[in-house]
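One structure is given here, and the rest of the page talks about it.
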Amino acid sequence: TPVDTGGMDLIERQKRYLVPGISLYYQNPLTIVRGQDRYVYGANGERYLDFFGGILTVSVGHSHPKVVQAIVEQAQQFLHTSTLYLTKPMVDLAERLAQITPGPLSQSFFTTSGTEANETALVMAQLATGNHDIIALRHSYSGRSHMTMGLTGQADWKLAGGGMHLPIRHTHNAYCYRCPFGKTPDMCAIDCAQDLEEFIQTSTSGRIAALIAEPIQGVGGFITPPVGFFEKTVEITRRHGGLFIDDEVQTGFGRTGKPFGIEHYGVTPDIMTFAKGLANGMPIGATIATPEVAQSYRGPTISTFGGNPVSMQAALATLRVIDEEHLVENARDVGTILRTGLEDLSDQYPVLGDVRGMGLMQGIEIVRENKIPAPELASSIHELARQEGLLLGLGGLYHNVLRIAPPLSVTRTEVQDALLLLKTSLKHLTEQYPQLKSLPPTRIHYR
Ligand code: PMP
């Protein structure tokens, strides 16, 4: 059936009526007109296997019927009121989050984006500790408000000074492929984590409000710290009066093969933040804290659209589907197949320098000889994959990381299909750049 794509001049109209800062993927930008399960369809009826899920927002599959039904039924009942009134869907979701998050985390505040969730978390941490200084990790991404641009550890995303005036400092992340301490995995003693002690003593007032971190960095290119990193940094943080804010905007709700990314590290956060996949595409942000921390967050405070019943119902339905369809286990099992396939490809094509991540969150760092970042090759692969019918993400400080994160409901067959499409794209890349055939090995091997 013909679909209304907004006309051939959509790109022209976008350029005229939207700010130029919005970055679009692909030389010939893609107009999505429909989505179903793990597929999206373009304006000319072409079908793509979606291995980025609208930046990890589509967690249980495009337009999952149970989520759509929950949205429609709620919209028919009542749409928005505000946090000034009691609404059952908001209380239901808060209760559910308290049940599924680790430890004593149990009191939530809802917003409509990850940016706001992190803003809320920081204000909460400052109120609860009475301290102001905040530590973030290099390569992180936290949002697009001034404060969250300040938290973001990548210059590109810091517009208009990007919160540089705030008491935020960036410590090392465990970027093992390019270890800041020059170590290889077999000699790793997580010096990067240990360094936080001196960092706080030298670069802050000595008392901190919080360390904020993503268990696996999203926009930063799926940098995945080794076990032990968070245990050490969180211990140092708490010794200096700070709370641990765990940003699960990308890693939450099964993405990494466990309910939450931080659970791979055996650490219980004081505050967690969520957005993206929680409501399978509906706008949502959530900040959950322990009662002890939350009790200092006294108002008056309000969010006009935060906690709106449609997003709440979409989230409740998404969480039910994750349970019913065993999607955390699927992310773990199918994620292993994806990972093995990517490692095999990287053995054949050394341009795939590093394969990292967990579950259905796998990144590939694209490099030349001596691990030199190759952003132009990464974007060529990204384009070629699109031509083959496979959508991937890009990221990383050096713009050279392919990000792979299909909906959690992805099947083994779809993963095999995606691996084949990626392999074909790499073959085409090697035809374009024959010198890549003689590239010496670029991978490092983790313990
Ligand atoms: N935190 C992380 C880890 C993110 O990846 C993002 C979005 N890319 C945000 C926060 C900000 O979320 P939003 O775009 O919904 O404001």
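In table form, for the structure just shown:
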quantity: Residue in the range 347-354 that is surrounded by 15 or more Cβ atoms within 10 Å (Cβ to Cβ) and acidic (Asp, Glu) present; calculated: yes
quantity: Number of the condition not met by Leu422 [criteria: (1) hydrophobic (A, V, I, L, M, F, W, C); (2) part of a helix (DSSP H, G or I); (3) touching a Lys or Arg at 6+ places or on another chain (Cβ under 8 Å)]; calculated: (3)
quantity: Residue match in the range 385-393 (condition: at pLDDT below 95, over 27 Å from Ile262 (Cα atoms), buried (at least 16 other Cβ atoms within 10 Å of the Cβ) and not β-branched (Val, Ile, Thr)); calculated: no
quantity: Breaking point among (1) in a helix (DSSP H, G or I); (2) modelled with pLDDT of 95 or more; (3) of a type outside the set (D, E, K, R); (4) over 21 Å from the mean Cα position of the chain (by Cα), for Ala160; calculated: (2)
quantity: Filter pass, Gly307 being free of Cβ contacts under 8 Å to residues at least 60 places away in the same chain, touching a Phe, Trp or Tyr at 6+ places or on another chain (Cβ under 7 Å) and within 16 Å of the ligand (Cβ to nearest atom); calculated: no
quantity: Residues located in the range 109-144, provided they are at positive phi and either crowded, with 21+ Cβ neighbours inside 10 Å or under 17 Å from the mean Cα position of the chain (by Cα) (or both); calculated: His139, Gly143
quantity: Ile11 vs. criteria in contact with a helix residue (DSSP H, G or I) (Cβ under 9 Å, 6 or more places away or on another chain) and either at pLDDT 95 or above or not hydroxyl-bearing (Ser, Thr, Tyr) (or both); calculated: no
quantity: Qualifying residue in the range 166-189 (condition: free of Cβ contacts under 8 Å to residues at least 12 places away in the same chain and in a helix (DSSP H, G or I)); calculated: yes
quantity: Residue match in the range 338-354 (condition: touching a residue at least 40 places away in the same chain (Cβ under 8 Å), assigned to a loop (DSSP other than H, G, I, E, B) and within 19 Å of Gly54 (Cβ to Cβ)); calculated: no
quantity: Output for the range 261-284, where each listed residue is away from the ligand (no atom under 13 Å from the Cβ), surrounded by fewer than 24 Cβ atoms within 10 Å (Cβ to Cβ) and assigned to a loop (DSSP other than H, G, I, E, B); calculated: Tyr265, Gly266, Val267, Thr268
quantity: Number of the condition not met by Ile208 [criteria: (1) more than 21 Å from the chain's Cα centre (by Cα); (2) β-branched (Val, Ile, Thr); (3) within 16 Å of the ligand (Cβ to nearest atom)]; calculated: (3)
quantity: Set Thr233, Thr237, Thr251: member being under 14 Å from the mean Cα position of the chain (by Cα), crowded, with 24+ Cβ neighbours inside 10 Å and among the polar types (S, T, N, Q); calculated: Thr251
quantity: Hits in the range 32-54 - residues which are in contact with a helix residue (DSSP H, G or I) (Cβ under 6 Å, 6 or more places away or on another chain) and over 23 Å from Pro375 (Cβ atoms); calculated: Arg38, Leu49
quantity: Verdict on Leu397 being modelled with pLDDT of 95 or more, under 21 Å from Leu49 (Cα atoms) and of a type in the set (A, V, I, L, M, F, W, C); calculated: no
quantity: Residue within the range 235-244 that is within 19 Å of Ala117 (Cβ to Cβ) and within 14 Å of the ligand (Cβ to nearest atom) present; calculated: no
quantity: Checklist (1) crowded, with 24+ Cβ neighbours inside 10 Å; (2) part of a helix (DSSP H, G or I); (3) away from the ligand (no atom under 16 Å from the Cβ) applied to Phe199, failing item; calculated: (1)
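Each row is one residue, and each column tells you yes or no for (1) closer than 20 Å to His326 by Cα; (2) within 25 Å of the chain's Cα centre (by Cα).
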| site | (1), (2) |
| --- | --- |
| Thr31 | no, yes |
| Arg34 | no, yes |
| Val60 | yes, yes |
| Leu79 | no, no |
| Met90 | no, yes |
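The values are calculated or read from the model by the stated rules, or taken from the named source; none is laboratory data. Only a predicted model underlies this, so the values are computations on that prediction, with no experimental measurement involved. Neighbour counts are summed over all protein chains in view; Cβ atoms, including those assigned to glycine, are modelled from backbone coordinates with ideal geometry.
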